[in-house]
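A short reminder: the numbers here are calculations on the coordinates, not readings from a lab. Predicted, not measured: the structure shown is a model, and the values here were computed from it. Here the Cβ positions follow ideal geometry from the backbone for every residue, glycine too, while neighbour counts run over all protein chains shown.
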Amino acid sequence: MSKPKLALYWAASCGGCEIAVLEIKEKILDVAAAFDIVFWPVALDFKYKDVEAMADKSIDVCLFNGAIRNSENEYVAKLLRDKSKIMVAFGACATMGGIPGLANLSNREELFDLVYRDQPSLDNADGVRPQLKTEVAEGELDLPEIYDTVRTLDQTVDVDYYVPGCAPEAEQIWGVITAVVEALKTGVLPPKGAKLGVNPKTCCDECKKVKEEKKIKAFRRPWEFIPDPEKCLLEQGLICMGPATVAGCGARCTTANMPCRGCYGPPADVLDQGAKMLSTVASIIDAPTPEEIAEIAATVPDPVGTFYRFGLASSLLRRARI
Amino acid sequence: MSTDFEPRIIGFLCRWCSYNGADLAGTSRMKYLPNMVPIRTNCSGRVDPTHVLKALAEGADGVLIAGCHPGDCHYINGNYRTAGRYPLMEKLLEQLGLEHGRVRLEWISAAEGDKFAKTVTEFTEQIRALGPLDWGKQFEAEEAKTA
């Protein structure tokens with residue numbers, strides 16, 4: 001039997017997911033041994049036309065990282081969906097929009113104004129902005145069209161599985177790869193839509209810090225003080241997304257005394273991670289009157305950036321109003 | 001804005017106070033505008049911000065949360081949770097470009113049928129002045145283009 005075919009792609013992402021795949025170290029050789037890698041722009045010289053030439057569903061597994069924010073991202077997402085039996089949203093951006101999803105607080109014109117007109121360090125006297133088509137001596141050049149709204153992979157194409165994380169942890173990636181190899185052999189696949197490489201509880205469950213009753217008199221930010229390494233960070237006034245984030249990362253950030261930012265996304269059955277965290281944070285404020293509680297709650301400086309750092313594009317409202 | 005715009009409002013009413021306030025308004029035959037769809041919750045503290053965001057995302061123009069006055073909560077301090085969530089939610093919605101006043105919090109007791117009727121009418125007029133929210137509309141053009 002020939003080896004199963006694997007494709008990897010990056011759309012609107014930072015490249016961290018690609019590094020994360022290599023973070024499995026020498027096991028990458030086992031991946032190369034188990035799979036026939038047919039498309040991986042960061043590492044191998046295949047072109048889009050090579051993928052276009054493949055038969056539909058001829059790729060067994062596609063690990064797709066990055067959000068969808070321009071016409072090229074979208075074209076390749078649809079192309080790989082057609083060619084792949086199993087489409088995996090890999091990493092926080094493909095799963096929930098990730099950091100690029102915060103661009104949904106703005107729109108294309110505002111972004112272009114900032115980048116091509118208002119930057120203090122900019123040298124663009126002619127006011128050049130990206131054009132979809134440009135005539136040059138050699139002919140016409142195309143650029144992908146940037147969209148107003150950053151989308152997740154599953155807002156664009158049908159997705160079979162999700163591997164969340166910014167970036168997914170190496171041992172979880174390895175676990176997913178071995179599970180896929182096993183599943184392809186036996187033909188028994190996990191239920192469609194499953195999050196792979198996560199554990200059933202929340203980040204708090206994996207966090208070793210001592211947790212007591214949560215009562216907060218004021219919110220603080222990480223630069224203001226050095227937190228007690230033994231105690232729950234949320235109880236010390238730091239907004240730690242642990243209670244609203246699915247387990248799987250091994251609580252790496254809180255182990256390093258930094259609050260969880262929620263990159264693994266919400267636990268199963270939670271519709272909107274940010275709303276849940278907002279609810280949690282507001283519920284643990286310790287003050288005698290509703291007015292004082294409201295005052296303390298209003299001191300959270302940036303609710304969208306805090307509660308939806310990775311999840312704005314996949315949240316219920318998805319973006320700021322255009 | 002079209003003059004025939006009828007606001008769609010979702011009202012989350014605590015079953016111990018505000019829902020009974022609504023009943024009192026009804027049995028007292030008080031008149032108020034019919035734009036609010038009431039949803040009975042066990043406590044205003046049971047109103048998850050998810051409920052509010054889902055209502056707005058799926059077509060509501062405004063959301064009313066009504067609960068017992070502070071100190072009167074059947075569950076002792078459920079409405080204190082609401083008191084904390086509301087300003088955070090307002091700040092969040094402001095960041096997302098919603099006008100101030102799309103979501104409203106009121107304390108309405110079971111004896112305050114008149115306050116209930118007045119609140120619903122006032123809030124309906126306030127949302128009418130703000131105009132339709134129609135949250136899903138902003139995605140339509142781009143998604144139709146790329147479908």
Paramagnetic label zone (point 7 Å from Cα along Cα-to-C-beta, A:Glu291; backbone N under 17 Å) in segment B:46-89: B:69-72, B:80, B:83-84, B:87
May I ask for the net charge around A:Met241, where only other residues with Cβ less than 9 Å from the Cβ of A:Met241 are counted and Lys, Arg are +1 while Asp, Glu are -1? +2
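Sort A:Thr254, B:Thr121, A:Thr186 by Cβ crowding within 10 Å, fewest neighbours at the top.
Going from sparsest to densest Cβ surroundings: A:Thr186, B:Thr121, A:Thr254.
To the nearest 20 Debye, how big is the dipole of chain B about its Cα centre, given +1 on the beta carbon of each Lys and Arg and -1 on that of each Asp and Glu?
Its charge dipole is roughly 440 debye.
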Here the whole-number average of other chain Cβ atoms within 10 Å per Cβ of B:48-61 is 4
Inter-probe distance in nm under a simple model that places probes 7 Å from Cα toward Cβ, at A:Glu110 and A:Leu141: 3.0 nm
If amide hydrogens are placed 1.01 Å from N in the peptide plane, which non-local residues have theirs closer than 5 Å to the one on B:Gly11? B:Val37, B:Ile39, B:Leu64
Could you grab the relative contact order for segment A:199-307? Cα pairs under 8 Å, six or more apart, rounded to a whole percent. 29 percent
Quick one: if the Förster radius is 56 Å, what FRET efficiency do A:Glu212 and A:Ala183 give, using the C-beta to C-beta distance and rounding to 0.05? 0.85
One checks the Cα atoms of the protein assembly as shown and finds Rg and Dmax, in Å, of 25.1, 81
Whether chain B is rounded, prolate or oblate, judged on the alpha carbon gyration tensor where a/c under 1.5 counts as rounded: oblate
Just how large is the dipole of the protein assembly as shown about the Cα centre, in debye to the nearest 20, putting +1 at every Lys and Arg Cβ and -1 at every Asp and Glu Cβ? 1320 debye
Fewest-first ranking of A:Met87, A:Met277, using other Cβ atoms within 10 Å as the exposure measure: A:Met87, A:Met277
Residue-averaged beta-carbon neighbours from other chains (10 angstrom radius) around A:287-294: 6
If you put +1 on each Lys and Arg Cβ and -1 on each Asp and Glu Cβ, how big is the dipole of segment A:106-147 around its Cα centre, in Debye rounded to 20? 120 debye
Chain A: relative contact order in percent, alpha carbon pairs under 8 Å with at least 6 residues between: 18 percent
Farthest toward the dipole's positive end in segment B:17-147, which of B:Ala55, B:Val120, B:Leu92, given Cβ charges of +1 (Lys, Arg) and -1 (Asp, Glu) about the Cα centre? B:Val120
Please arrange A:Val246, A:Val115 by counting, for each residue, the other beta carbons lying within 10 Å of its beta carbon, fewest first. A:Val115, A:Val246
Expected vector for segment A:199-215, Karplus 3J(HN,Hα) from phi with 6.51, -1.76, 1.60 and θ = phi - 60°, integer Hz, x for Gly and Pro, equals 10, x, 8, 9, 3, 4, 5, 8, 7, 7, 5, 6, 10, 10, 5, 8, 9
Roughly how crowded by other chains is peptide A:295-307, in terms of the mean Cβ count from those chains within 10 Å of each of its Cβ atoms? 4
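Rounded, prolate or oblate for segment A:199-307? Axes are the square roots of the Cα gyration tensor eigenvalues, ordered a ≥ b ≥ c, and the cut-off for rounded is a/c under 1.5.
On the way: a/c = 1.77, a/b = 1.28, b/c = 1.38.
It is oblate, given that a/c is not under 1.5 and a/b is not larger than b/c.
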